[in-house]
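We did not get these values from a lab; they are worked out from the coordinates using the rules stated. Model, not experiment: these values are computed from the prediction. Note that each Cβ is placed from the backbone with ideal geometry, even for glycine, and that neighbours are counted across all protein chains shown.
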Amino acid sequence: MSKAAAVRRIGILGGTFDPVHIGHLRSALEVAEFMGLDELRLLPNARPPHRDTPQVTPQDRLAMVRCAVQGAGRLSVDARELSRDKPSYTIDTLESVRAELNPEDQLFLLLGWDAFCGLPSWHRWEELLQHCHILVLQRPDADVEPPDELRNLLAARSQSDPTAMSGPAGHISFVWQTPLAVSATQVRQLLANGKSVRFLVPDAVLAYIEAHGLYRAPN
């Protein structure tokens, strides 16, 4: 009689990663270790419906994320959204990932507090918890109040201990983080002004940016 396959714990962190920086990576690594994830996938968005069009091509953003996670253990890259010729809807991604996993595997969607508060504007947002658990990366300085739809959802689905969420999907919990004070906007502005971004992005990402002349101000 074959032994049942071990339940895997997979995390997903989406973003434009324009460019990926140490704030993204440190946050992802901390969550992966805290939650005991087998894998945390950084998932670049192609055409994010809620954000401005990224400044560089999807191919460059993907290449930078791949450079960033080399040798990073549990961190990996998932490029599935870049093959779509339509906006990157999270529900489509979750359905696609879930179809590749065993039914009992746990899938965790990582969201910042601001993104979580905006969930009611997302495409088919009520269906997200059918496919995953949601981990909200809560900052100590977060002062935005969630809309009523989310208060009701939190009352029904929240769990105080994120490491104790059971089953493949269906719950919400919070992971408290003090993020590094770095943003992709800051990195782009420094580069456009001819300033160094060393130590704000991994060395491999900096080498890629310099080799391809990304984010420079037009002459």
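Structure notes:
- Considering the range 146-178, the residues that are of a type in the set (D, E, K, R) and touching a residue at least 12 places away in the same chain (Cβ under 8 Å) include one that is surrounded by the most Cβ atoms within 10 Å (Cβ to Cβ), namely 157.
- Among residues of the range 119-167 being assigned to a loop (DSSP other than H, G, I, E, B) and of a type in the set (Asp, Glu), the one that is nearest to residue 180 (Cα to Cα) is 141.
- Scanning the range 180-219 for residues that are out of contact with any Leu (no Cβ under 8 Å at 6 or more places or on another chain), closer than 30 Å to residue 34 by Cβ and part of a loop (DSSP other than H, G, I, E, B) yields a total of 4.
- Within the range 180-203, tally of residues that are among the hydrophobic types (A, V, I, L, M, F, W, C), closer than 13 Å to residue 26 by Cβ and over 17 Å from the mean Cα position of the chain (by Cα): 3
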